[in-house]
Every structure is written in C-alpha cells, then in structure tokens.
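The structure appears below as structure tokens.
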Amino acid sequence: MKQFTSVHDVEDIKALVAAALALKESPYAHQGLGKNKTIGLVFLNPSLRTRLSTQKAALNLGMNVMVMNMDKEGWALETQDGVVMNGGTVEHIREAAAVMGQYCDILGLRSFPKLQSKEEDYSEDFFNKFISYCGVPVVSLESATRHPLQSLTDLVTISETWKGVAKPKVVLAWAPHIKALPQAVPNSFSEWMCKAQQEDLLDFTIVQPKGYELNEDFTPGAAISYNLDEALEGADYIYVKNWSSYKEYGKVLTYPEGWMLTNEKLKGTNDAKVMHCLPVRRDLELSSEVLDGPNSLVIHEAGNRLWAAQAVLKQLLENL
Ligand code: CP
C-alpha cells in the first residue's frame, strides 16, 4: 500500500482486517518498524478519535509523531494556481505541503468539505494537491468525501463481533440532525461495505428518506430502501449516521417523523448491534436508551480506531 485515501488503495481488505485484529492481540510486536520515522498529522478541522487513535497507533509502532492544527496554528493556505496572493491567504499549498514532506516520512491529513459546491468538494482538489506536492505517503484522516480509517474500523468491528453462521445483514440508516453534515462517513462506509459484499462477507442495505440518496459511485450493489422499519427487519448491524443531501447539495431537507433509532425500532431486528462513528448528538441523532443499552457497540468501535490505524501505518512503513 502506497497511500490510504480510500478502499481502492487496499489490495486485500480481509488481510487488512486480520492485521488490525492481530495488532489488537500484540500491540507492541512491531515497535522497531517505526524507529527514526516521523508521521505528521495535519488537521484543518476538529477531531478527538482520529487524532488520538492515529497518534497512539504511530507510538505503538515506535514512530515519532507531530501534530499540526493547521486551521488554528498554520498560515492561511492558498490552493488556486495562477492567482496573485494579495488577499487573505499567506502561503501556497505547493510550498506548505512540500515543506511538511521534508520533515515527515508519512503525512496524515484531515480536510472537510465546505458543502457549498458539489463539484469542488467531490473533486477533492485540496486533498489531491496536498498529496501531489508533499512527496510522501498520505493517510486520509477524513477528506471531503471519504473517511477510510473509520470505515476500516467499522469492518474490523463487524468482523470481530459477528458470531453467526450466515452472512450478517448490515444496514446504514440515515438519522436526523440539525446541522448539514458531510457525506464522507456514509460514502466511505458504503464503499467499504459494498466491497465486503462483493467478497461475500455480508449483505448491505442503505435506508434514507427521499432526497438523501448518496452519490451512486459509492453504493455499487447496495440495496436501497426508503422505509426504516422494513430495512431494519432481520438486521444484524445498524450503522446510524446523519448526512446532508447530495442531490440538493449540502442541504438539510424536511423528512418524516420516526427516523431516530429507539429500542422499539430494534424489536424488528435480529437483536442488532448498533454502531456510530461518533461524535453523536444524543436523543436527536440516536436515542440515549440505545446508546447506553446492551446493543450499542459505539465505544468498542471507537476503541478499534487504534488497531485500524496501526494496521494501515504498519503497511505504509513496510513499503517505505
Ligand atoms: N469518528 C471520528 O472521526 O471522530 P473524530 O472526528 O473525533 O476524529
């Protein structure tokens, strides 16, 4: 693996999941691998889990870690070529990314979408420019359209906890929110689950109100539903997440009542485990009774962020 920006960078998802679970058993087995290697984690947006789990993953591998909160501590970046920089931007991404590449063997980058222009966000212009100018392998810490470290974690968590004989039914369920949130987590979750479905590991359904359909590029082979109760029938895993509209880009649309997951809604499932990437707004996006109940996997899932990140960094270090 030369970089980690989506499922398409991974040769063998089953092997990567197995590597993450092996690291969970023996976290310090490869401490020599990262000796004298440095990772720089560059954040243009807030983070709790991604920042701490990726730092810890790098430390477990013996790496040095530097964190740059670019939005608060860095110079305002220009991304367009051919502009006279006589406005608010101070440094061009060409120099900024290249300089960070001088100090680091691997770089991680978080850069959320602005949710103003579908074309701009889905071109991943900022992310791609950063990759092309920094000159070292890049790990996505969440881009405008994807969050692959989260999605790998989610596949690890499902693989680790599924004890059934048949394939599990996994449902990505849209949930309410007051703010317009990116499509990165659901896009990425769908992309990874579709790949796992192709490999016969699970069956995958997406349920959402009309108008919240994801970009079809991220949903090949997924069953699509608009009825939450029907979609949850027989579900083994429910992945709860809000996202803003892709069609009416970045908008919060009106939707019918009854989209928040409750214990009542769990009754039609196969005693489904409930997942969420966090942070979550209690009793808006997901009910407290489910979050605090026996079906919730959210803390276990967040814990697995460490092993997913460590598996990815290990592969990148082995290919340096
Ligand atoms: N799930 C996730 O990426 O959490 P943070 O935004 O806190 O990193």
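A few comments on the model shown:
- Scanning segment 80-125 for residues that are in a loop (DSSP other than H, G, I, E, B) and surrounded by 15 or more Cβ atoms within 10 Å (Cβ to Cβ) yields THR89, CYS104, ASP105, SER111, PHE112, PRO113, LEU115, GLU124.
- Residue check for ALA97: over 24 Å from GLU191 (Cα atoms) and in contact (Cβ under 8 Å) with a residue 24 or more places away in the chain: yes
- Being away from the ligand (no atom under 15 Å from the Cβ) and either assigned to a loop (DSSP other than H, G, I, E, B) or open to solvent by 40 Å² or more (accessible area, probe 1.4 Å) (or both) is a condition met by at least one residue of segment 294-306.
- Residue match in segment 160-183 (condition: of a type outside the set (Asp, Glu) and closer than 22 Å to CYS104 by Cβ): no
- Extreme residue, most open to solvent (accessible area, probe 1.4 Å), among residues of segment 210-240 that are touching a residue at least 24 places away in the same chain (Cβ under 8 Å) and hydroxyl-bearing (Ser, Thr, Tyr): THR219
- Some residue of segment 192-209 being open to solvent by less than 10 Å² (accessible area, probe 1.4 Å), under 16 Å from the mean Cα position of the chain (by Cα) and within 16 Å of the ligand (Cβ to nearest atom): yes
- Of the listed requirements (1) touching a helix residue (DSSP H, G or I) at 6+ places or on another chain (Cβ under 8 Å); (2) open to solvent by 50 Å² or more (accessible area, probe 1.4 Å); (3) free of Cβ contacts under 8 Å to residues at least 60 places away in the same chain, VAL65 misses just one: (2).
- When GLN150 is tested against (1) part of a helix (DSSP H, G or I); (2) of a type outside the set (Val, Ile, Thr); (3) away from the ligand (no atom under 16 Å from the Cβ), just one condition goes unmet, and that condition is (3).
Every residue, every condition in (1) among the hydroxyl-bearing types (Ser, Thr, Tyr); (2) within 21 Å of LEU261 (Cα to Cα), yes or no:
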| site | (1), (2) |
| --- | --- |
| ALA144 | no, no |
| THR157 | yes, yes |
| ALA166 | no, no |
| VAL170 | no, yes |
| TRP174 | no, yes |
| LYS179 | no, yes |
| VAL185 | no, yes |
| THR205 | yes, yes |
| LYS210 | no, yes |
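- Scanning segment 249-282 for residues that are aromatic (Phe, Trp, Tyr) and either in contact with a Phe, Trp or Tyr (Cβ under 7 Å, 6 or more places away or on another chain) or within 16 Å of the ligand (Cβ to nearest atom) (or both) yields a single hit, TRP259.
- When residues in segment 153-191 are screened for being open to solvent by 10 Å² or more (accessible area, probe 1.4 Å), within 16 Å of the ligand (Cβ to nearest atom) and touching an Asp or Glu at 6+ places or on another chain (Cβ under 7 Å), 1 of them pass.
- Extreme residue, farthest from LYS179 (Cα to Cα), among residues of segment 273-289 that are crowded, with 22+ Cβ neighbours inside 10 Å and either of a type in the set (A, V, I, L, M, F, W, C) or modelled with pLDDT under 95 (or both): VAL274
The values are calculated or read from the model by the stated rules, or taken from the named source; none is laboratory data. Given the structure is predicted, the values throughout are model-derived calculations rather than measurements. Note that each Cβ is placed from the backbone with ideal geometry, even for glycine, and that neighbours are counted across all protein chains shown. Just the protein is used for accessible areas: all its heavy atoms, side chains included, with ligands, DNA and RNA removed. Shrake-Rupley method; radii C 1.70, N 1.55, O 1.52, S 1.80 Å.
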